Structure formats: C-alpha cells, structure tokens
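S.K.: This structure is in structure tokens; I'll ask about it shortly.
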Amino acid sequence: AEASKAKDAVDAATDQAGVDAAKDSGTGEIAKVNPEAAAKPAAKEAIDKAAADKKAAIDARDDLTQEEKDAAKSAVDAEASKAKDAVDAATDQAGVDAAKDSGTSEIAKVNPEAAAKPAAKEAIDKAAADKKAAIDARDDLTQEEKDAAKSTVDTEANKAKDAVDAATDQAGVDAAKDSGTDEISKVNPEAVAKPAAKEAIDKAAADKKAAIDARDDLTQEEKDAAKSTVDAEASKAKDAVDAATDQASVDAAKDSGTNAITAVNPEAVAKPAAKEAIDKAAADKKAAIDARDDLTQEEKDAAKSTVDAEASKAKDAVDAATDQASVDAAKDSGTNEITKVNPEAVAKPAAKEAIDKAAADKKAAIDARDDLTQEEKDAAKSTVDTEANKAKDAVDAATDQAGVDAAKDSGTNEIAKVNPEAVAKPAAKEAIDKAAADKKAAIDARDDLTQEEKDAAKSTVDAEASKAKDAVDAATDQAGVDAAKDSGTNAITAVNPEAAAKPAAKEAIDKAAADKKAAIDANNDLTQEEKDAAKATVDAEASKAKDAVDAATDQAGVDAAKDSGTGEIAKVNPEAVAKPAAKEAIDKAAADKKAAIDANNDLTQEEKDAAKATVDAEASKAKDAVDAATDQAGVDAAKDSGTGEIAKVNPEAAAKPAAKEAIDKAAADKKAAIDANNNLTQEEKDAAKSTVDAEASKAKDAVDAATDQAGVDAAKDSGTGEIAKVNPEAVAKPAAKEAIDKAAADKKAAIDARDDLTQEEKDAAKSTVDAEANKAKGAVDAATDQAGVDAAKDSGTDEIAKVNPEAVAKPAAKEAIDKAAADKKAAIDARDDLTQEEKDAAKSTVDAEASKAKDAVDAATDQAGVDAAKDSGTNEIAKVNPEASAKPAAKAEIDKAAADKKAAIDARDDLTQEEKDAAKSTVDTEANKAKDAVDAATDQAGVDAAKDSGTNEIAKVNPEAVAKPAAKEAIDKAAADKKAAIDARDDLTQEEKDAAKSTVDAEASKAKDAVDAATDQAGVDAAKDSGTN
C-alpha cells in the first residue's frame, strides 16, 4: 500500500524534486512498516480461549462426574496442544487460520457424553417404572392407593436422581443410584380399602348367618336357603369390591353388599303354618268337648287340658324341629294326638252304677236272708228301690264331680241303711250253732280219731244242727222255734265216735317188723354184726312208721304211714359188701391198667401183650387172697396188696421213643439251619419250619401207627428223609434287591440321558443312586419279615426315585452368558452415538454370540468344557463394540460444510471481520444445532435428515456486506457532492475543474480501496472518514 502510494506520488510528481520527494517519502513510509506478528498469536489465543471456554463449559456441567470432566478436559488440552502445534507449523495466514479453525473445531467437538449419571438415572427411572407397573397391576389396590404408592415411588426416584445430580464422582453416583433403587423397591403399598371392605362384607355375612341360625322359627331348609342368599350377596359384593377401581366404588360396593346382606330376613313359613294347624285342631276338639252333656265340668276341663297339653307338646316339637320333615312330623303327630282326645263320661255313669250295685247287693242280701219272712223281705227291697231312684235323679241333676259324688254317696248310704232285723229264729239258731260248735271242738280235740272219723262225727253234728235249724226255719211261732231248738241241741250232745283206723295200722306195722327180723336171722350169708345191724334198722323203721300213724290226721295219712313203714321194713335186705367190693376194685385196677397199656401207642403189640399177662397174674393172686381173708382188715389188706402190684406194671417203650427222638432231632437241626439262613424272611422261615413240623408230625404219626420194629424204623427213616428235603428258596429278599437294582439302573440311565448335566454332575448323582441302592439292599438284608423287606425295598426305590440332580454348571454358565449379553445390550442401548440400526446390528451380534456360546455349553460334557464355552462366549460378547459411523460421518459432513462455509465467509473481502464473525457464529450455531439433532436422532434416517437439514442451513448462511458498501456509498456521495461543488465554482477553469474532479475521483478510489482493505468496522469507518475528509 505504501509502495503503491509512493509510486502514485512519483507518478503525480511533475518534476525531479517532486519525484525524489515522492520516492523518499515512499521509501521512508515503507521503512516504517515493521509488522507485528498477529496471526499466529491470535490463532493460539483463539485456541487457548476455545480450550478455556470448553473446559469451563465442561466444569459447569452437572451431568458429568469428576472423572468424566477430567477425561474431557484432558481431551481438550490434547486438541489445543495439537492445534497450536499446527499453527506453529503453518506458513501463511490460510494455514494459520486452518490450524486455528481445525483446532477450535476439534476443541468444540469435545462434548463428553455423560454416562454415569444418565445410566444411574435410567436405572432409577427403570426401577420406578417397574415398581409403578407392578403397583398398577395389583387388583387389590384402589386407584387412590396406587396413586399414593406411585407418588411415593416418584418422590423416591426424584430424591435419588437429585442425589445422583449432586454426586461429584462415580462412587457417589453409584451410592445414590443404589440407595434410590433400594428405596423404590421398598415401596410395597399394603392394600387396605378392598380387604377392609371384604372383611366388613364377610362380617356382615357371618353376623347375618349367625342370626339366621339362631332363629328357632325357621327350618333348616329355610335357614339354608337364607344363608345361601347371604353367601350369594356376599360373593357378589366382594366381586364388586374386586372390580372397584377407587375408594368411592369400593365403599359403594361394600355398603351395597352389606345392605343387601342385612336385608336378608327370611320369613318363617313351615313352623307358623304347622302351629296354626295344631291350634285349629285343638280349638275344634275343645269345642266338641264343651258340647257334650254326659261330661262333668271337671271332665271337660281335664279333657281340654289334655288337648292344650298335646297342642303345647306338638308346638314345642315344631319349635324343636330342625327341618321341614321334622316340622311336618311334629304337626301330624300333634294333630293326631289332639284328635285322639275323646273323654269318656266316667263320673255320672260310675255314680249310677255304684247306686244300682248298692241296691242290687242290698236286695240280694235281703233275699238271701232265711231269717226274714217274705213280707219282711218285700218291704225292705221296696225301700231300697225308692232310695236308689232318688239317688240317681240327684246324680243326673248334679253339674260337677262334687255334686255327682254327693248324690252317689247319699244314695248308697241310704240304701245301706235298709237292714230289717230278724229276732226269734236267729236266737234259736244261735243256740243250736253253739251246741254244734262245742261238740265239734270236743271231737277235734281227740288224737285217737282220724280226720275221717272226726269229720264223720262232725258231719253227724252238722246234720243234727241243720235238721234242728230247718225245724226252726219251718216253725211259724215261738213255741215251734223253741221245740225245734231243744230237740236239735239234745241230738247234737248225743254224738260220741269210736277210734278204729290207727290201732289197726299199728298192729299191721308190728307184724311186718317181726316177720322181717325172723328172715334176717335165717340168712347165713351175713355175719352176726350184719344181722344185728339189719334188725336194728327194722326196729327203727317200725318205730318211725307208728309215729307217722299217730301223726296222721286222716285215713289216707294213716294208710300211707302204715304202708310206708311196712314197705321200709320189707326193704331191709343186708347185702355182702366187703369181699365183692375188694374183688371189684382188683378187677377194675387190672382192667384200667390193661386199657392204659393198650392205649400206650409207644408200645408194640408184643410189649402190650407181655405187660397185660403180668397184670392178669397179679389180679388172680390178689382175689385168691381176698377169698382167704376172715375179716374186713384181711379183705382190705389183700385188695390193697393186689391193686398195688397191678399198678406197678409199667412197661417201658423203647423202639418208638427212640424213633421219635431221631425225628425230633432231625426237625430241630433243620429248623436251626432255616433260622440261620439270613436270605429268608421270617415268613419264609416260618413256612419252611411249618413244613418241617408237618413232616416231623407225619413221621411220628407213622411211628405211632407202626406195629413192629420194622414199621417203626421205616417210619423214622422216611420222616427224617422228608425233613432233610425241606430246603426253602429265598424269594422275598432277592426279589426286593432285584427291584432295587432295577430302580437304580433305570435312574442312572435317566441321569446319563440328561444333556443338561455335566459328566461330574452325572457321576455325583449316580454315586448317590448307588449309595441309596446299597443302603436299601442292606436294609433288605437286615429285614426279618416280609413287611420289613417290602418297607426296605419301597423306601430304597423311593429314595432312588428322589435322586433328581439339579443341573448347576450349564444353567449357571448360560446365566452368566445371558447376563453378559444383557449387560452388553444394555451398554449398546445406552450409547447415544449409535443409530438404532447400529444398535440392532450390534445386539444381533451379541445374541448370535450368546446363542453360539450356549450351544457350546450344551455340547460340553464336563465342567472344564462348560467353563471354556462360557468364558469364550462372554469374551466374544465383550468384544462386541460397535463403532459409531453414521453419526460421526454426519457430524464430519456438518463440520466440513461449516468449515467450508466459514472459509468462504473469510474469503470475502466485502465483509468486515465483525460481519464474518457474526456469519461464522451463525454457521457454528447451525452446525451445533445440526450435530445435536444428529445426536438426538435414533436411526439412520433421522441422522441423515439431521445432517441434510444442518448442511442446508449452513449453506444458507450468506452474509450480506453492509459496512463496506455503505462506506463506499458514503465515499461516492462525498465525491459526487465534491465534484458538484467543483462544477459549481465559477472561479475554476474547466481544466482545473476536471483536474480537481480527477483528484476527487482518485481520493474516492483510494478511499474505497482503503474501505476494501479494511478488515473491521473501525477500519471501514476510518477509510470512509479519511476518504470523505
């Protein structure tokens, strides 16, 4: 500029001096040019300012942890250092600007993504959302309870996120997140409204059903129907409570339900109807009773009381009835009992009957009296009839029991009073009766008369008395009565009987006794002692017989005493006793001994015959001794000696006992061997030993049945042979063990067939199976009976069946793989720098690696294989780290468009620096806005749209130059005004005017050049002002 100006001055000079002056001035001005380095320091300053601003912005961000801030500021420092190095390396302004712009752009790009706090908040929000979803899913909560609980969740979530925001480092973030999610998980609202409503409904239903059950006026059917209605209303109400969504609808459902339950008030039908039927039956019956005239009031009252009692009893039975059938039964029984009440008239008929009987008895008594004349009888009976009729009329007129009783008693009393008295004949007869009684008493006092003799004599007395009283009865006056009385008493006094029967009987007894004693004395088979004893017996019987004759009271008794006495005397026939009894005892002892010998199956026939021959010899010798004895002592001695010798005959059996002993030993040995066999159950042992016992018994029976030594030996040998053959086969325990072994084999095969177990898990499970099988077979061996064997077998197979190894290694490995996959996918989803397509592709890769790893786990056969498959799978999953391409590419395009745009702005000379800066700031704003939109985009289309929109907006930035055109316009206006003023001057020639206007044009051009050269508003204004001045 100075050189150009100098050269312009040289060109303008008109002479040498002017040229030199212009040259000197130009070179002087050029020499003064000493440019201060501005571009690079300014660029570095801009970079440092961008870095400081960026770090301040980073420090100002509450969403970053200190670790994230430190990492981001380190990135800023690295970019600033790199940019300043690029500035230093730049050789021109464009390079400086490019280095500065690139550096500040890279610094601007440092936009650390907050990870810890958003992740923590996301975890808190997820915990809150899950908790609120769980709350919303609960049907037992009202909307108010849900809203209150969710509000608590929101409060805890907000508090937790505030704590996350307040945290300054990762540890603080984690603590805030964990505390918040814990507090959210603790939110577990207790349902109050619905349970309380249902409880109120249940209580109302229970109270109502208790009230129904307490009602005695209802049958069980009526109670059951009413309680079913209560249950239905309660169920409907609780369903309504469940369906209610808020407190008001819960309360409405509860109130409606309890009101409906309270309204259940069953009307008793069966019992009131039954009682009504009973009351009607009672009323009808009492009306019928009151209509009867044959009853006294007491009888009516009694009958009606019976009706009332039956009715009351029936109604009590109705009340006590619990169902319709028992109500009907009580009603029917009650009305039937009431119907049966049919009171019989008793008092009046009984009273009349009593009166009639009293009259009849009285008249019969009068008719029966021989002491009355016919006229006395007729008069008396007429009086009786009159009293009877009068009494019965009084009974009919009576209205109650007392009146009936009074009429009856009065009538019968009056009848009873009718008693005509006889005088003459009774006195005569009394004298005759007294004479007869005195005579008969004298006859009865005589012991020498039999009853027949007494009776005959007393009959004579009675005949005489009767004849005399007949004469009295036949007499018509007192003299005739007296004559008959005297004649009769004299005839009675003359009766005096003679005794005949007893003396004759005693005489017959004495003759029989004398004859018997003579016969005894003539019997030579008896000793004198036996004769004397027999005759004493005869005398005793005779004396007893005569005492019996004296004691007899009639002929039959005398004859019986006589006949009995003579009969007893005739029976006295002394028998010889001592010797026959002794011989009989000897014979019996011999017979018994021989029978015992014959009954002894231990003896052979030969042994029996020999022993019985010995018995016979001893018996014969003993009886000879009895015959030789002269007295009782000798007889007894001979008998005792003989029976003693017979008793001593006791042949000892040898063959059969020895055979049986051999059989018993064989049996005992065999049973001991069976008991020692632990392979047998007690039942098998018992069965085998029973077989042994049966064979032994059969063998001994054969021995007993044998008749000679050969038979005994054959029976013994056969029996012991059969016993030896008893060899029971163990069945229960081998079968049980076989079942256990099969269960174990099946279980181990099932274990081996499981792909979800490692070989180690299979081996451990099969070892458990073997252990259980061995334990079970040990228990089978230890069992002593079938029940024990079965219990051991069943317990063992059950324990084997229970062996169901839980797969641990493979599920754990798969769980670790799934967790690694889930964590990786969550990390992928949490990345804002990826599009959804990039996330989906990466997560598909994760799923593929997880699936491949789990297939490898399934294919692994042991723990090492499982661990290798798991570790390989989780490592492959961890390697999935998708590189963001869409958003960085979009941002790069945006940054390039912005850089291009700013370069174009910077290249424009028509813009001041301020206008460039404003325009570039707009570019940066659009670029940042576009990149934010890219960051916010979730898929490729969104990224592309954000990128295209951003680059379009950047492209639209086309700043209009204002300052320089305005300055030039002002310069042009000043030049035009100046030239107009020059043209207006009359003191100038046209050449002067033209020269002056050329100068104006030159200054204007110089000024506009200066405006063009100005880089900022001040430079434009200075150039404009310098040019216009």
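The values are calculated or read from the model by the stated rules, or taken from the named source; none is laboratory data. Please read all numbers here as calculations on a predicted model, not as lab measurements. All Cβ positions, glycine included, derive from the backbone under ideal geometry; neighbour counts span all protein chains shown.
S.K.: Would you mind stating whether ASP986 is out of contact with any helix residue (DSSP H, G or I) (no Cβ under 8 Å at 6 or more places or on another chain) and either more than 20 Å from LYS901 (Cα to Cα) or not in a helix (DSSP H, G or I) (or both)? Steps first, answer last, please.
M.R.: On the way: out of contact with any helix residue (DSSP H, G or I) (no Cβ under 8 Å at 6 or more places or on another chain): yes; either more than 20 Å from LYS901 (Cα to Cα) or not in a helix (DSSP H, G or I) (or both): yes.
Judged against the criteria, ASP986 is a match.
S.K.: Now for a separate question. Determine whether ILE954 is assigned to a helix (DSSP H, G or I), closer than 17 Å to ALA918 by Cα and hydrophobic (A, V, I, L, M, F, W, C).
M.R.: In short, yes.
S.K.: In this structure, does VAL264 turn out to be under 30 Å from ALA314 (Cα atoms), touching a Ser or Thr at 6+ places or on another chain (Cβ under 7 Å) and of a type in the set (Val, Ile, Thr)? If you could, list the steps in order and put the result at the bottom.
M.R.: On the way: under 30 Å from ALA314 (Cα atoms): yes; touching a Ser or Thr at 6+ places or on another chain (Cβ under 7 Å): yes; of a type in the set (Val, Ile, Thr): yes.
Judged against the criteria, VAL264 is a match.
S.K.: Could you identify the single residue in LYS854, LYS879, LYS843 that is basic (Lys, Arg) and under 14 Å from ALA816 (Cβ atoms)?
M.R.: Selected residue: LYS854, the only one of LYS854, LYS879, LYS843 that is basic (Lys, Arg) and under 14 Å from ALA816 (Cβ atoms).
S.K.: Moving on to the next point. Pick from segment 907-925 the residues that are among the β-branched types (Val, Ile, Thr) and assigned to a helix (DSSP H, G or I): which of them is farthest from ALA1013 (Cα to Cα)?
M.R.: Looking at the filtered set, the residue picked out is THR925.
S.K.: Could you tell me which of the residues LYS931, LYS916, LYS947 is surrounded by 16 or more Cβ atoms within 10 Å (Cβ to Cβ) and over 30 Å from THR835 (Cα atoms)? It would help to see each step written out before you state the result.
M.R.: On the way: LYS931 fails: over 30 Å from THR835 (Cα atoms); LYS947 fails: over 30 Å from THR835 (Cα atoms).
So the residue among LYS931, LYS916, LYS947 that is surrounded by 16 or more Cβ atoms within 10 Å (Cβ to Cβ) and over 30 Å from THR835 (Cα atoms) is LYS916.
S.K.: Let me ask something else. For VAL558, state whether it is at negative phi, among the β-branched types (Val, Ile, Thr) and touching a residue at least 60 places away in the same chain (Cβ under 8 Å).
M.R.: yes
S.K.: Now, a different point. Report, by residue number, each residue of segment 713-740 that is surrounded by 14 or more Cβ atoms within 10 Å (Cβ to Cβ) and of a type in the set (Asp, Glu).
M.R.: ASP713, ASP717, GLU722
S.K.: Given SER795, SER767, which one is farther than 30 Å from GLU606 by Cα and within 37 Å of the chain's Cα centre (by Cα)?
M.R.: Working: SER767 fails: within 37 Å of the chain's Cα centre (by Cα).
Within the list SER795, SER767, the selection yields SER795.
S.K.: Now a separate question. Looking only at segment 580-639, which residues are exposed (fewer than 14 other Cβ atoms within 10 Å of the Cβ) and of a type in the set (Val, Ile, Thr)?
M.R.: THR630
S.K.: Continuing with this model, one more query. Pick out the one residue from ALA816, ALA841 that is within 30 Å of SER767 (Cβ to Cβ) and of a type in the set (A, V, I, L, M).
M.R.: Answer to the check: ALA816.
S.K.: Sticking with this one: Considering only residues that are assigned to a helix (DSSP H, G or I) and either surrounded by 15 or more Cβ atoms within 10 Å (Cβ to Cβ) or touching a Cys at 6+ places or on another chain (Cβ under 9 Å) (or both), which ones fall in segment 203-220?
M.R.: Listed by number, the residues that qualify are ALA204, ALA205, LYS208, LYS209, ILE212, GLN220.
S.K.: Let me ask something additional. For residues that are part of a loop (DSSP other than H, G, I, E, B) and closer than 23 Å to THR784 by Cα, tally how many sit in segment 732-759.
M.R.: Number of matching residues: 0.
S.K.: Another question about this same structure. Which condition number in (1) of a type outside the set (A, V, I, L, M, F, W, C); (2) surrounded by 13 or more Cβ atoms within 10 Å (Cβ to Cβ); (3) in a helix (DSSP H, G or I) is the one that SER74 fails?
M.R.: (2)
S.K.: Under 30 Å from ALA842 (Cβ atoms), in contact with a Lys or Arg (Cβ under 9 Å, 6 or more places away or on another chain), outside any loop (DSSP other than H, G, I, E, B) and of a type outside the set (Asp, Glu): does that describe LYS793?
M.R.: no
S.K.: Starting from segment 236-247, take each residue that is crowded, with 19+ Cβ neighbours inside 10 Å and list its partners that are outside any helix (DSSP H, G or I), counting only C-beta distances under 8 angstrom and pairs at least six apart or across chains.
M.R.: Going by the 8 Å Cβ cut-off, the qualifying pairs are ALA244/THR142.
S.K.: Sticking with this one: Scan segment 773-782 and tell me whether some residue there is charged (D, E, K, R), in contact with a Lys or Arg (Cβ under 8 Å, 6 or more places away or on another chain), over 25 Å from GLN682 (Cα atoms) and buried (at least 17 other Cβ atoms within 10 Å of the Cβ).
M.R.: Initial filter on segment 773-782 (charged (D, E, K, R)): 775, 777, 781.
Among the residues that remain, those that are also in contact with a Lys or Arg (Cβ under 8 Å, 6 or more places away or on another chain) are: 777, 781.
Checking which are over 25 Å from GLN682 (Cα atoms) leaves us with none.
Checked against the condition, which is being charged (D, E, K, R), in contact with a Lys or Arg (Cβ under 8 Å, 6 or more places away or on another chain), over 25 Å from GLN682 (Cα atoms) and buried (at least 17 other Cβ atoms within 10 Å of the Cβ), segment 773-782 yields no hits at all.
S.K.: A follow-up question, please. Can you name the residue in segment 386-427 that is under 30 Å from ALA471 (Cα atoms) and of a type in the set (A, V, I, L, M, F, W, C) and, of all such residues, is surrounded by the most Cβ atoms within 10 Å (Cβ to Cβ)?
M.R.: The residue in question is VAL418.
S.K.: Does segment 130-141 contain any residue that is outside the structural domain of ARG831 (by TED's automatic domain parsing) and either farther than 30 Å from ASP239 by Cβ or polar (S, T, N, Q) (or both)?
M.R.: no
S.K.: Has segment 19-31 got any residue that is at pLDDT 75 or above and surrounded by 15 or more Cβ atoms within 10 Å (Cβ to Cβ)?
M.R.: No, segment 19-31 has no match at all.
So that you can scan it fast, the table gives a plain yes or no per residue for (1) at pLDDT below 85; (2) part of a helix (DSSP H, G or I); (3) over 28 Å from ALA715 (Cβ atoms):
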position: ALA581; (1), (2), (3): yes, yes, yes
position: LYS593; (1), (2), (3): no, yes, no
position: ALA596; (1), (2), (3): no, yes, no
position: ASN601; (1), (2), (3): yes, no, no
position: ALA617; (1), (2), (3): no, yes, yes
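S.K.: Please state which one of GLU452, GLU430, GLU464 is at negative phi and touching a residue at least 60 places away in the same chain (Cβ under 8 Å).
M.R.: GLU452
S.K.: Something else: Here is a check on your reading of the model: is LYS238 within 27 Å of THR219 (Cβ to Cβ) and either assigned to a helix (DSSP H, G or I) or at pLDDT 85 or above (or both)?
M.R.: no
S.K.: When you scan segment 315-335, do you find a residue that is over 30 Å from GLN220 (Cβ atoms) and either in the same structural domain as ALA214 (by TED's automatic domain parsing) or touching a residue at least 40 places away in the same chain (Cβ under 8 Å) (or both), even just one?
M.R.: no
S.K.: Checking the condition in contact with a helix residue (DSSP H, G or I) (Cβ under 6 Å, 6 or more places away or on another chain) and either part of a helix (DSSP H, G or I) or crowded, with 19+ Cβ neighbours inside 10 Å (or both), which residue from ALA868, ALA889, ALA878, ALA853 passes?
M.R.: Every option except ALA853 fails the conditions.
S.K.: Here are some residues: LYS843, LYS733, LYS737. Which one is charged (D, E, K, R) and modelled with pLDDT under 90?
M.R.: On inspection, the qualifying residue turns out to be LYS733.
S.K.: Considering segment 791-806 alone, what residues qualify as being surrounded by 16 or more Cβ atoms within 10 Å (Cβ to Cβ) and either on the phi > 0 side of the Ramachandran plot or not hydroxyl-bearing (Ser, Thr, Tyr) (or both)?
M.R.: ALA792, LYS793, GLY796, GLU799, ILE800, VAL803, PRO805 - these are the residues of segment 791-806 that are surrounded by 16 or more Cβ atoms within 10 Å (Cβ to Cβ) and either on the phi > 0 side of the Ramachandran plot or not hydroxyl-bearing (Ser, Thr, Tyr) (or both).
S.K.: List, please: which pairs have Cβ atoms under 7 Å, are six or more places apart or on different chains, and start with a residue in segment 653-664 that is over 10 Å from ASP713 (Cα atoms) and end with one that is assigned to a loop (DSSP other than H, G, I, E, B) and polar (S, T, N, Q)?
M.R.: Close Cβ pairs satisfying both conditions: ALA653/ASN600.
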